[in-house]
Amino acid sequence: MSNKRKVLKLNKDIKLNVATVLIAVILFYVIVRVIAFASKKPITTYRVNKSNVNNNIELTGLAVRDEVVLKSMKSGYICYYIRDGEKIPKNSMVCTVDESGQMYNTISDAESYDNLLTKDDYAEIRSVISLYKVGYDDTNFYDAYNFENNINNKVLEMTNEILMQQVESNNTNFSLSAVVSPYSGLVTYYLDGFEDYDIQNVCMTDFDRSSYSKQTLKTGDVVSSGTPVVKIIASENWNIIAPITEEQAQLLSEKKRVAFSINNSSYKVTAPFEILSKDDGKYINISLESFLYNFMSERYLSLVIFMEENSGLKVPASAVTTKDVYMIPIEYFSAGSNQSQNNRLNIQIKDDNGEVTLKQVKPTIYTWDNEYCYVDPNVFHDTDVLLDITSNKTLAVSLLSTEQISGVYIANRGIAEFRMIEIIKTIDDFVLIEADQGIKVYDNIILDANKVNENQIIY
C-alpha cells in the first residue's frame, strides 16, 4: 500500500485590512513631512531688546572771524615783536621790516640761541607734539600741516624774544620800517584765504579739507612792498557755519539756540543760530561771543550738537514690513453687550430672501486718531455694509479708504502675527521703535519680513 502525500496550496493573494492601510498612510505622511521639512527654507527670528539712542548731530564747521590783514609798505626782512594770540591795543607796533638786512645778518652771525630756551619753552614744544600724537589719524593727513603750523608758531614766539635780546645787545642803527595796527585785537601769524570770507556765499566746496593749506608768517622771511605780514582779529564776535542735511534741519527747526561742544572739549557752549538755504543744500550758522581765543588758530572745527535722547526697542530694518488697513470713521463703532468700550462694528447682512439682519464684529484695531480707527481688513467682505446705530447712516466696506502702516511679524506662538510699530529713528541697519505698542522686550520677531506671509505657520 503506497503512502499518499497531501499537498497544501497556499493563498498567495495579500489581503488588505484596516491596520495595513493605516500604517501605510502614516508612513507616507511621515515621509512627506520629512521631505517638506528638509526642503523648507529656514526662517530666522530676532529677539527684541531695549536701546537708548541720542539724536546728537556731528558736523564739521568753518570758523568765520573778523580778520584784518596788514601789509608791509617796504621790502626787506620781517621781524615780529608780538606773540601769536596776544591782544594788542590800537596803534600798536606789531613788527618791523629791515630794509637793509643789517639786523638780520647781525642775528644770523650771533652764537647759538640754545642757552636762551627755558625749561618751560621745551615743555610747551613737547606738549604740542604729545597732543598731535594722541589725536593722530592716518585718514586725516592734513592734520600734519596743522601740527607743522603749531610747532612753527611756538618756535616763532621764542625766536621773537631772542631777536629782541640780540637787537638790544647791539647798538647798531638799522633801517627799519614799522608795521602798526590801526585796530585793537588778537594777533595771529597765518594766512589761509578765508580772511575775507562772506557767510552768505557759503558753498559745499568750502568744507573740502583735503585742499586746505595755511601759510605761516615768521621772522626772517623776505617780504615785498604790499605783502601781507600779519593778521589782526578785530572782534570777539565770530561764527561757525556747517553743512547739514534736510533731516537735521528739520530736527533743529523748532529751536532758537543750540548746545554743542567744539573739538570734543569737555565744556558745553550754548548759542543762537540760523538755518541758511542755498542752491547746494542747507547750512547752520552759529553766532558766538566767546571762546574765540581757544580756537583762533583753527579754521575747521568738529561740532557735536546735543539733542534729546530717545529710548525704545531696537529691531533690524529687514524685519519691518507694511500693511494696508481700513480707515473707518469712529462714529461707526459701538459697545457690545455688557461692554463699555466702543470697539465693535455693526454689519448689515442680507439673506437670500432679501431680509436684512445685523451682525456685530470685533475687528483688530491697530491705532486711531480723532476721526478714524485703523483696522485689520481680514474680517470684512467687499459686500458688507457698516451701520451707525446712532444715526442709521450706512457705509459700504468697498468704499472705505485705506492707509499703509508699518509693522513686524511676531513669532512667539509659531505663527507670523502682524504687529503695528511706530518708528522713532533709523540707525544704519536698525530702527528704534516705540515700546509697549504690541511689541515687548524679548519678543521673537521674523528677521526678514519678506520671507513670510501674515499668519503663516513658522514651526
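The values are calculated or read from the model by the stated rules, or taken from the named source; none is laboratory data. Computed from a predicted model, the values in this text were never measured in an experiment. Cβ atoms come from the backbone with ideal geometry, glycine included; neighbour counts cover every protein chain shown. Surface areas here come from the heavy atoms of the whole protein model, side chains and all, with no ligands, DNA or RNA. Shrake-Rupley method; radii C 1.70, N 1.55, O 1.52, S 1.80 Å.
Data for the structure
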read-out: Distance violations [Cα-Cα > 23 Å] among Lys323/Lys440; Lys133/Lys231; Lys362/Lys393; Lys256/Lys282; Lys255/Lys282; value: Lys133/Lys231
read-out: Amide N of the stretch 294-308 lying under 16 Å from the label point, which is placed 7 angstrom from the Cα of Val69 along Cα→Cβ; value: 299
read-out: Simple label model, 7 Å out from Cα along Cβ direction - Ser265 to Gln215, nm; value: 2.9 nm
read-out: Net lengthening on full extension, Ile365/Ser177 (0.36 nm per residue, minus Cα-Cα); value: 59.1 nm
read-out: All-pairs Cα distance distribution in the stretch 188-332, expressed in whole percent, bin size 10 Å; value: 8, 28, 27, 17, 10, 5, 3, 1, 0
read-out: Portion, in percent, of the accessible area of the stretch 339-412 that falls on carbon or sulfur, probe 1.4 Å; value: 40 percent
read-out: Contour excess over end-to-end distance, with Cα ends at Asn378 and Thr205 and 0.36 nm allotted per residue; value: 56.8 nm
read-out: Value in Å of the Kirkwood radius, where the stretch 275-431 supplies the Cα pairs that are averaged; value: 20.7 Å
read-out: Calculated FRET value between Leu358 and Ser401, using beta carbons and R₀ = 25 Å, to 0.05; value: 0.60
read-out: Estimated inter-spin distance, Arg257 and Asp192, nm [label 7 Å along Cα→Cβ]; value: 2.8 nm
read-out: Fraction of accessible area attributable to carbon and sulfur, the stretch 182-327 (%, probe 1.4 Å); value: 44 percent
read-out: Gained length - Gln250 relative to Asn17, 0.36 nm times residue gap less alpha-carbon distance; value: 76.1 nm
read-out: Residues of the stretch 274-379: accessible area per residue with a 1.4 Å probe, Å²; value: 55 Å²
read-out: Neighbour cut-off at most 13 other Cβ (10 Å), DSSP loop, trypsin sites (Lys or Arg not before Pro), the stretch 22-84; value: Lys40
